[in-house]
1. State all residues of the stretch 24-39 that are loosely packed, with under 12 Cβ neighbours inside 10 Å and either part of a helix (DSSP H, G or I) or in contact (Cβ under 8 Å) with a residue 24 or more places away in the chain (or both); if no residue qualifies, say none.
2. Checking the structure you have, find out if any residue of the stretch 15-23 is at pLDDT below 95, more than 15 Å from VAL69 (Cα to Cα) and part of a loop (DSSP other than H, G, I, E, B).
3. With the checklist (1) surrounded by 10 or more Cβ atoms within 10 Å (Cβ to Cβ); (2) at pLDDT below 85 in hand, flag the one item ALA57 doesn't pass.
4. For the stretch 63-78: of the residues being touching a Gly at 6+ places or on another chain (Cβ under 7 Å) and part of a strand (DSSP E or B), which is surrounded by the fewest Cβ atoms within 10 Å (Cβ to Cβ)?
5. Are there any pairs, at least 6 apart or on different chains, whose C-beta atoms fall under 8 Å, with the first in the stretch 56-78 and charged (D, E, K, R) and the second assigned to a loop (DSSP other than H, G, I, E, B) and at pLDDT 95 or above, and if so, which?
6. Which condition does ILE8 not pass, out of (1) modelled with pLDDT under 90; (2) within 12 Å of the chain's Cα centre (by Cα), if it passes all the others?
Amino acid sequence: MSTESTPIKPAILITIIGESVLRDRLVKLLKSNGVTGYTITEAQGEGGHGRRMGDIAGYNTNIEIKTIVSLEVSDQIL
């Protein structure tokens, strides 16, 4: 193991919540900006557009995508 310390670089956690039908488009957006890792989970909740329970597969369902990126990549994505 090296005795030299690894420099710590600033990073941004990006969280995207969207319709599950947008999954492929959102993943393509992330990958086209150099993102190499992300996590996707199903999401449920309630907000200004009503309750999103995801009770019927593929209908009225949301996903949450999380990734950690550099400041530069976050500017490109957002």
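The values are calculated or read from the model by the stated rules, or taken from the named source; none is laboratory data. Please read these numbers as outputs of a predicted model, since none were measured by experiment. Because the Cβ atoms are built from the backbone with ideal geometry, glycine has one as well, and the counts that use them run over all protein chains shown.
1. ASP24, ARG25, LYS28, LYS31, SER32, GLY37, THR39
2. There is no residue in the stretch 15-23 that is at pLDDT below 95, more than 15 Å from VAL69 (Cα to Cα) and part of a loop (DSSP other than H, G, I, E, B).
3. Against the list (1) surrounded by 10 or more Cβ atoms within 10 Å (Cβ to Cβ); (2) at pLDDT below 85, ALA57 comes up short only on (1).
4. Among those that are touching a Gly at 6+ places or on another chain (Cβ under 7 Å) and part of a strand (DSSP E or B), it is ILE63.
5. Short answer, once both residue conditions are applied: LYS66/TYR38.
6. Condition not satisfied by ILE8: (2).
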